[in-house]
Amino acid sequence: MQSISVLKDLAGKKVILRLDLNVPLKNGKITDTTRIDKVLPTIKFLLKQNSKIIILSHVGRPKGKIIKDLSLKPIQEDIEKKLNEKINLIKKNIYEINKDLLDNFSEKILLIENIRFYPEEEKNDTNFAKHLSSLGDIYVNDAFSCSHRAHTSVCEISKFLPSFSGLQLDLEIGALKKITSNIIKPVTCIIGGSKISTKINIIKNLIPKFDNIVIVGAMANNLIEHDGYNIGKSLKEENVNSIVNEILSYSIEKNCRLIFPEDVVVANDLNGHPKIKELNQIKLNEMILDIGPKTVESICNIIDNTNTILWNGPAGYFENPNFANGSTAIAKKIVEKYKEDKIYSVVGGGDTVSLINSLNAVKDFNFVSTAGGAFLEYLEGKELPGISALN
């Protein structure tokens, strides 16, 4: 995979730049610009090289139909302000656009309207790819978060143009390699979520490589129950005993320490009064909503003795401050180690990113991924079509 960073002379070249500008919109306004902010360095790099940039991206899931509310207009306006650079949003049917037409636009950045307005995009269509490729001289993928999709502007287009990775994609792959292949040990994974079955492949892929895997959140409830404790009316996944047994036996086989809560915080409901309980004290009308102080201390001790950490999934129902203590303590401990330059930390997953955003701590982690599905599939060891295309 070749990076755009190696290219020195792009003056006059038309660069087709695939970005993921799929930001949350409410009443036509962007509510979180993180994905835009992360790709600005690539756009600035290409501007400095005096190339003409043709951006392809999407918002939402229009499924091949033109939906007014899923226009890239708010994104165009946001990037214009941040770069102080005029951007032309081209709403013309893409099949009516050619290279000569693009020369008529004076702007250095052209933004093609939502690429998913075309049904061919999600079909990884060869003819559509040929047309897209005819608009530029080189192709750059800086949309890691879309790279688990075999879509035309992510995969098939790369067959028809010299293709490169963008600066943000380089950072994402670099960070993931540091927690999956180029690891500085000891390495720990803190993983949460509501369903253990959705994370089983990640856990199985990480067990042979990791020293510690800490399971928290609702996933941990299945492990607590498996150990013979009553979990009351706590959230749990049904019919996963075989999965739990598989994880436990595999971790022993590969000498990976598996940790789950030794004490918890419970309440009668999501807005109830928090009570710290030992595992043998949970009542039938109570639900586990956070990890307890002993567990917090154990996890912090593990972090203290870790050089590399991956965190995906909060420790409890952090949306209610009464049950955010565990997640907050984990975040603060990792930040403390980061500031001492004693840990390499990677965070991913929407809830975990929301948590550290609420603590204004994003800058205090080595890498914060907003890639969602692509992030998780990479951790599972799956081959991502968009990365394979660049390779």
- Item | Rg/Rg_ref, region 249-369, where Rg_ref = 2.2 N^0.38 Å and atoms are Cα | 1.11
- Query: Top to bottom by accessible area (1.4 Å), largest first, where do His58, His148, His273 land?
  - Reply: His273, His148, His58
- Query: How much length, in nm to one decimal, is gained on full extension between Glu96 and Ile276, taken as 0.36 nm per residue of separation minus their Cα-Cα distance?
  - Reply: 58.3 nm
- Subtracting the Cα-Cα distance from 0.36 nm times the residue separation, let me have the gained length for Ser354 to Ala150 in nm, one decimal. 70.6 nm
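Express in % the proportion of alpha carbon pairs of the chain at distances exceeding 40 Å. It would help to have the intermediate numbers written out before the result.
Values: 18468 of 76245 pairs.
Result for the distance tail: 24 percent.
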- With all protein chains present and a 1.4 Å probe, how do Tyr139, Tyr118 order by accessible area, largest first? Tyr118, Tyr139
- Task: Report ³J(HN,Hα) in whole Hz for each residue of region 302-313, in order, from the Karplus equation J = 6.51 cos²θ - 1.76 cosθ + 1.60 where θ = phi - 60°; Gly and Pro get x.
- Result: 5, 4, 4, 10, 10, 9, 9, 9, 10, 10, 9, x
- Message: Net charge around Glu262, counting only other residues with Cβ within less than 14 Å of its Cβ (Lys, Arg = +1; Asp, Glu = -1)?
- Response: -2
- Note on the structure: Surrounding charge for Lys108, neighbours by C-beta under 9 angstrom, Lys/Arg +1, Asp/Glu -1, total 0
- Of the listed peptides 209-221, 349-361, what is their order by residue-averaged count of other C-beta atoms within 10 Å, with the highest listed first? 209-221, 349-361
- Note on the structure: Projecting the Cα atoms of Asn357, Val6, Pro119 onto the charge dipole of the chain, where Lys and Arg contribute +1 and Asp and Glu -1 at Cβ, the residue farthest towards the positive end is Val6
- Item | Angle between the chain longest axis and helix 167-180 axis [Cα atoms, degrees, rounded to 10] | 30 degrees
- Note on the structure: For region 323-363, listing trypsin sites (Lys or Arg not before Pro) in a DSSP loop whose Cβ sees at most 13 other Cβ atoms within 10 Å gives Lys342
- Separation between the Leu40 and Glu253 pseudo-spin-labels, each 7 Å from Cα along Cα→Cβ, expressed in nm? 4.9 nm
- In Å², what does the accessible area per residue of region 130-208 work out to with a 1.4 Å probe? 31 Å²
- Which lysines have a Cα less than 16 Å from the Cα of Lys332, not counting those fewer than 8 places away in the same chain? Lys342, Lys363
- Item | For the chain, size of Cβ-based charge dipole, Lys and Arg +1, Asp and Glu -1, in debye | 880 debye
- Message: Not counting ligands, DNA or RNA, and with a 1.4 Å probe, what is Thr31's accessible surface area in Å² rounded to the nearest 10?
- Response: 90 Å²
- Note on the structure: Subtracting the Cα-Cα distance of Asp341 and Lys177 from 0.36 nm times their residue separation yields 57.1 nm
- Query: Once both axes come from the Cα atoms, what is the angle between helix 196-206 and the longest principal axis of the chain, in degrees from 0 to 90, rounded to 10?
  - Reply: 80 degrees
- Item | Size of charge dipole - region 280-391 - debye, nearest 20, with Cβ of Lys, Arg +1 and Asp, Glu -1, no other charges | 180 debye
- Query: How much space per residue, in cubic angstrom, does the convex hull of the C-alpha atoms of region 42-189 take up?
  - Reply: 144 Å³
- Can you tell me the dipole magnitude for region 148-239 around its Cα centre, using point charges on the Cβ only (Lys, Arg +1; Asp, Glu -1), in Debye to the nearest 20? 140 debye
- Item | All aspartates and glutamates inside 13 Å of Lys337 as judged from Cα atoms, apart from same-chain residues fewer than 8 positions distant | Asp304, Asp364
- Note on the structure: The set of residues whose placed amide H lies less than 5 Å from the amide H of Ile55, leaving out same-chain residues fewer than 5 positions away, is Leu17, Leu110, Leu111, Ile112
- Extent of region 328-391 along each principal axis, from alpha carbon coordinates, in Å, largest to smallest? 38, 24, 17
- Item | Surrounding net charge for Asn221, when Lys and Arg each add one and Asp and Glu each subtract one, Cβ distance under 9 Å | -1
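The values are calculated or read from the model by the stated rules, or taken from the named source; none is laboratory data. Bear in mind that the values here come from a model prediction, so they are computed numbers and not experimental data. Because the Cβ atoms are built from the backbone with ideal geometry, glycine has one as well, and the counts that use them run over all protein chains shown. Side chains are part of the model used for accessible areas, which takes the heavy atoms of the whole protein and leaves out ligands, DNA and RNA. Shrake-Rupley method; radii C 1.70, N 1.55, O 1.52, S 1.80 Å.
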